[in-house]
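One structure is given here, and the rest of the page talks about it.
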Amino acid sequence: MLLYYLYSFLTAPGVVVHEFAHALFCVFAGVKIYRIKLFGFGKTAGFVMHDEPTKFYQSFLISIGPLLINSFLAMLLFARFKFIYTAWQPWVLLWLGFAVGMHAIPSSQDAKALFQATNHRFWHNPLVIISYPFILILYILYLLKKIHIDIIFVILLFWLGNIYLMG
């Protein structure tokens, strides 16, 4: 139980960014937000309660918002990290990159909402069928997260940040 609280505390910035990404894409897509919880201890660390999206692109953007925002922010933070043994600032960037990256993968609720939106809109727009493989990838990433293999995703973000965004 102590490890859970320690992990939750250390990765809290990632939860905040994750939920903020949902809220940002709600605003961007024109979906009304009712309530936001950016962080808390418990079964759900955060959430964004919003209207039901009326268009498929709204559901898609809201569901994948954390994957886009958290991943890009983590890569930016990792790109700024320079190994300096005596300075503390680079280590803060590394920690923030890790915390944000660990919460980049959308939750099962995010994948489920996108799956339901795709099923619901299939007969209105058969082109939504192209989202099924993406939804499968989201579910697989979520299952890997449940067994803590999401650290590999964070290592990939670190590598990408250092290779492609390093200035």
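We did not get these values from a lab; they are worked out from the coordinates using the rules stated. In this text, all values refer to a predicted model and were calculated from it rather than measured experimentally. Note: ideal-geometry Cβ built from the backbone for every residue, glycine included; neighbour counts use all protein chains shown.
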**Q.** Residue order, fewest to most beta carbons within 10 Å, for SER59, SER71
**A.** SER71, SER59
Q: Work out the length of the dipole vector of the chain about its Cα centre, built from +1 on the beta-carbon of each Lys and Arg and -1 on the beta-carbon of each Asp and Glu, and round it to the nearest 20 debye.
A: 80 debye
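Quick one: which of LYS82/LYS145; LYS37/LYS82; LYS82/LYS146; LYS112/LYS145; LYS55/LYS146 span more than 22 angstrom between C-alpha atoms?
Pairs exceeding 22 Å: LYS82/LYS145; LYS37/LYS82; LYS82/LYS146; LYS55/LYS146.
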Q | Charge sum, other residues only, whose C-beta stays under 14 Å from ASP51's C-beta, Lys/Arg counted +1 and Asp/Glu -1 | A | +2
**Q.** Label point distance in nm, ILE129-LEU68, each placed 7 Å from Cα along Cα→Cβ
**A.** 2.5 nm
Q.
If neighbour count is taken as other Cβ atoms inside 10 Å, put VAL100, VAL128 in order from fewest to most.
A. VAL128, VAL100
(Q) If neighbour count is taken as other Cβ atoms inside 10 Å, put LEU127, LEU114, LEU76 in order from fewest to most. (A) LEU127, LEU76, LEU114
Q: Please give the peptides 22-29, 157-164 ranked by average Cβ packing (other Cβ atoms within 10 Å per residue), highest first, as a rough proxy for protection.
A: 22-29, 157-164
Q. What relative contact order, as a whole-number percentage, does the chain give when Cα pairs under 8 Å and 6 or more residues apart are counted?
A. 25 percent
Q) How much mean residue ellipticity at 222 nm does the chain get from its helices, if each DSSP H run of length 4 or more adds -39500 (n - 2.57) and you divide by all residues, to the nearest 500 deg cm²/dmol? A) -22000 deg cm²/dmol
